[in-house]
Amino acid sequence: MMIAEMQETAELSVGESFLKSLSLLEQAHRRLHDVVKDDLERGGERSLTGVQALLLYEIGEDEAPASVLRARGAFAGTSLSYNVKKLQEGGYLTQTRSEDDKRTVTLRLTERGLKVRNRVARLFEKQATALEPTASVRPDDLSQLNKTITRLERFWSDQIRFRL
């Protein structure tokens, strides 16, 4: 952390730091969508949103139940069913309903969807190698960030579960 950032953080109350963190998380999340969309457009793929490309990435190379994606919460604020429908219509994935329980839907990427998923994976690999030399983000910085975000997620889950 730079000296100015440390001084600013030290001067903020817990409440102010918390609100700033919420804002920064939201901004970073939106920027991730922008970066993915920009990379797709540079590669000639103009029909997908960043959210849709990240959904393809999350589904992965095997099949994935839609309920697992929803439970992960990675697509909060977006309509998972709308995006799945659009991706299926665009030929990026297929969905099948369970014979036993028609409510259970399994998603699988098509060849076209796998190409997008692989492009996003390459983008993430490229960015991971560029973090330290260009943004001064070290592995221990990411480790601390991951611990903090995990604690926040657990805190919020407990707020709901225990009605705190």
Subset of the range 99-138 (residues that are in contact with a strand residue (DSSP E or B) (Cβ under 7 Å, 6 or more places away or on another chain) and of a type in the set (Gly, Ala, Ser)): Gly113
Considering only helices (runs of 4 or more DSSP H) fully contained in the range 28-109, which possess at least 1 residues that are within 16 Å of the chain's Cα centre (by Cα) and closer than 18 Å to Ala121 by Cα? 50-59, 66-72
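With among the hydrophobic types (A, V, I, L, M, F, W, C) and either at pLDDT below 95 or over 16 Å from Val36 (Cβ atoms) (or both) as the only criterion, which of Ala121, Ala53, Ala76 stands out? Show your work before the answer.
Numbers: Ala121 fails: either at pLDDT below 95 or over 16 Å from Val36 (Cβ atoms) (or both); Ala53 fails: either at pLDDT below 95 or over 16 Å from Val36 (Cβ atoms) (or both).
Exactly one residue qualifies, and that residue is Ala76.
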Being modelled with pLDDT of 95 or more and in a helix (DSSP H, G or I) is the requirement here; does Val116 meet it? yes
Mind listing just one residue for me: the one in the range 140-163 that is surrounded by fewer than 10 Cβ atoms within 10 Å (Cβ to Cβ) and of a type outside the set (Asp, Glu) and, of those, nearest to the chain's Cα centre (by Cα)? Ile160
Where residues in the range 23-59 are polar (S, T, N, Q) and within 21 Å of Leu107 (Cβ to Cβ), which of them is surrounded by the fewest Cβ atoms within 10 Å (Cβ to Cβ)? Ser47
Conditions (1) surrounded by 15 or more Cβ atoms within 10 Å (Cβ to Cβ); (2) among the small types (Gly, Ala, Ser); (3) modelled with pLDDT of 95 or more -> Ala64 fails only (3)
Subset of the range 93-112, residues modelled with pLDDT of 95 or more and exposed (fewer than 12 other Cβ atoms within 10 Å of the Cβ), comes to Glu111
Options Thr129, Thr94, Thr110, Thr134; residue that is under 26 Å from Gly44 (Cβ atoms), in contact with a Phe, Trp or Tyr (Cβ under 7 Å, 6 or more places away or on another chain) and polar (S, T, N, Q): Thr110
I need every pair where a residue in the range 5-34 that is among the hydroxyl-bearing types (Ser, Thr, Tyr) has its Cβ under 6 Å from the Cβ of a residue that is at pLDDT 95 or above, sequence separation at least 6 or different chains. none
I'm checking my understanding of the structure. Among residues of the range 113-139 that are charged (D, E, K, R) and within 10 Å of Leu56 (Cα to Cα), which one is surrounded by the fewest Cβ atoms within 10 Å (Cβ to Cβ)? Lys115
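The values are calculated or read from the model by the stated rules, or taken from the named source; none is laboratory data. Keep in mind it's a predicted model, so treat the numbers as computed, not measured. We place every Cβ from the backbone using ideal geometry, glycine too, and count neighbours over all the protein chains shown.
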